[in-house]
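Down below is the structure, laid out as structure tokens.
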């Protein structure tokens, strides 16, 4: 479970998160959606410690994550754009992550590597790998320790359909194992397929936080993209 | 009258008149008795063994010859060991050692007062306070001696070969080390110094003041505390000498102070902190010398004029030429400068662009000595470069218009 | 510590694969071999080498240190999402880039010097020590700049200006002060100014080992007295240590607060 209370974050004059309070229950997949610049990535980076919030609290399974690197022992994170040290190989990266985790949980990297068909690329330097392949490496690194909290920022961007399906299956599997999953995606069909819950962010504020069904019901649509379009127009109108 | 005198002179000099005395360390015939028994023209053979004592007065024209293994030892007490009070005295192959140190009197191994014709050849003098001391004497010869001082510091050691108010003195083939000044001349006329080695003396390897018309050829002055100092003299000729390793904050290869009419030719200056330091020197010809790896090559300070610097080699000195003046009354031509950056399009061996050997930085250091801490900084390199392109501070008259592209074939 | 060591291994492995590091080593080896071959192992060699070291090490550190921060964004982002403290990441990165460059420098000069049998000459040893200290100092400064200045081009600019200040402009300032206060005794002030700039400090220490004091007249004597005594050695080593630790810790603090 992730509990976020009154989270604020500004980059200079830009107030990116303006008092975000949400609770993400275990055993669920929550999707954060919202227009570009609404604070989705900043929220996710705050949870994983890449961004230091100005105010507010974040607790993962009851443990505060702010300035607490140990809290990340159970978090898996896959970033939006898969950048990794250029001269290292995927194998180096896997070994390195295994090393710093000093793993308490057995790692399933071999299984994952098989899953995303990465075995042929394990000893090539990252700089020689395509965007999609790097994305695969990212998914392995995020999932190898069977995290109880999984954060995925645009996970399927650049992946081929086969691997995309495998990754989705894997995400469902993680959720069913009782983990908390948070995901952002531009592909709303994908969200409808994966997510149980939706958080709609607009200019750093939570406009909607609830089950996917609730959103559909509230907007009177049965397709998520229509529902999102409606709420987007409403929130724009609300601001005006 | 005139004839009588010549006859007397012939008699006086004839070998028939002369006898040979032997001086033994012990017994009735000691050195002291031999000296008092000797007649004019006698020869005294100093027999092997240690002859102790000092204050041996020589009052007759005699020759003293040291036999192999003979030593005259002053045991560092008493005063001067041999005091020459006669003309024409000769010392040959004699070993003398341990002269008493004094802060009042100039004790020496051999001291010559007011005499002519002293000839000291092939002797060995160890731990002489002063070794050979000539005063108001003339026509003397000091040759082929080995003079080894005790390496005391400047204040309590004397000079190796010391000559004061003398005329026509020849100093040749000696090796002098461990004294205050290796060779010291004051008020000398017509001194000639040839083929000597003066090394590791506490102060100067060669030091002369008020000594006109003297010449110095083919000597080696190395590793002396302060190098060689030449002051207040006229008509000085220094040819083929080597000045080496005179390295220290107050050391010079050659210090020229108030010297008029000098000729410096074919000398070799290597690794001296300052090869030549000239102050108030004039009418000087500096030609064909080699300046290698010195801190300063030529340091020409105020009051130097009509110094002509030609056909020398300046190679790898930190500063080739420095001066504290923007003006230059001296001439530089046809020298080789390793720092020369010009070219020679017509291949005549002479660079087509004039060379300004004075760097801006050396000028700065002369005027503000503490700026020397910036030695070897990028900033200074850039400053020098800028000055080379647009000269503003360095003397533009101090220029070599015919810099050589290659050093002249080296002697040595 | 354990994590730092582990991360260090990967950072070093990454840096070791860089062509620049190899070039850096080869450059020092070539310059050293060239100077030793043509001039023999004398003061002249060390002066030539010293000039190269004093300019190139701070410049290389400024450039590669600053770039390294920016090139390792990915590494940092990956590690920050792991249970690893920011200090461990920072020290691993700083040491991971500075140590290979330090080793490349020592090997680059040390191997040709050893072949020529001069590696244990005091001037060469001192030069190696001074160059190593400069490596640590200027990578620390570069790292601070890389962390504080967000934009890569701007960071490079700041790094270059700081190099220029230490390597060139500072000496201009000393000269200006020397000229302005020419009538005052400046030995103590110049010692202080030299001690405060690691490049000048390294230069003076190296020059004193090969008897350059003699060229420096009274100033040289004062310097020799100061740097030859225990106090001077303690003060100058402290200066180099402070110049390393201060930027490292300020950089570490900035790194701790930085958003990625």
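Each peptide in A:60-68, B:277-285 receives the mean, over its residues, of other Cβ atoms within 10 Å, and ordering these scores from highest gives B:277-285, A:60-68. Taking Cα pairs under 8 Å and at least six residues apart, what relative contact order does region B:20-389 come out at, in percent? For region B:20-389, the relative contact order is 6 percent.
Springs join every pair of Cα atoms under 10 Å in this Gaussian network model of chain C, and among C:245, C:67, C:78 the largest mean-square fluctuation is at C:78. For region C:2-257, what is the Kirkwood estimate of the hydrodynamic radius, computed as the reciprocal of the mean inverse distance between distinct Cα atoms, to one decimal in Å? It is 19.2 Å. Angle of helix B:378-389 to the longest C-alpha principal axis of chain B, folded into 0 to 90 degrees and rounded to 10: 70°. Taken as Cα centroids, region B:285-329 and region B:153-178 sit 29 Å apart, rounded to the nearest whole angstrom. Taking Cα atoms only, the orientation of helix C:122-148 departs from the longest principal axis of chain C by about 40 degrees. Calculate I(q)/I(0) for the protein assembly as shown by the Debye formula, one identical point scatterer on each C-alpha and no solvent, and give its log10 at q = 0.05 Å⁻¹ to two decimals. Result of the Debye calculation: -0.51. Divide the volume of the convex hull around the Cα atoms of region A:1-154 by the residue count and you get 126 Å³ per residue.
Just checking the output field for C:53-60: average partner chain Cβ neighbours within 10 Å of each residue's Cβ?
On the way: counts 0, 3, 3, 0, 0, 0, 0, 0.
Shielding by partners across C:53-60 averages 1.
When B:263, A:121 are sorted by how many other C-beta atoms sit within 10 angstrom of their C-beta, beginning with the fewest, the order is B:263, A:121. Reducing region B:241-262 and region A:116-173 to their Cα centroids gives an inter-centroid distance of 80 Å.
Given the C-alpha centroids of region A:15-30 and region B:212-240, what is the distance between them in whole angstrom? Measuring centre to centre over Cα atoms gives 94 Å. Using only Cα atoms, tell me the angle between helix A:224-239 and the longest principal axis of chain A; keep it within 0 to 90° and round to the nearest 10. Rounded to the nearest ten degrees, it is 50. Annotation: the residues B:123, B:304, sorted from fewest to most other C-beta atoms within 10 Å of their own C-beta, follow the order B:304, B:123. Here the peptides A:1-13, C:145-157, B:215-227 are ranked by packing, the mean other Cβ count within 10 Å, and the order with the highest first is B:215-227, C:145-157, A:1-13. Normalised by 2.2 N^0.38 Å, with N the number of residues, the alpha-carbon radius of gyration of chain B equals 1.17.
Among C:120, B:243, sorting on how many other beta-carbon atoms sit within 10 Å of each Cβ, with the fewest leading, yields C:120, B:243. Of the beta bridges in region A:2-239, as assigned by DSSP with both residues counted there, near 55 percent are antiparallel.
Per residue of C:171-181, how many C-beta atoms from partner chains lie within 10 Å of its own C-beta, taken as a mean?
Values: counts 9, 6, 1, 6, 10, 0, 2, 8, 4, 0, 2.
The mean count of partner-chain Cβ atoms within 10 Å per residue comes to 4.
FYI, it's all coordinate maths here, none of it is from the lab. Computed from a predicted structure; not experimentally measured. Virtual Cβ from ideal backbone geometry, glycine too; neighbours counted across all protein chains shown.
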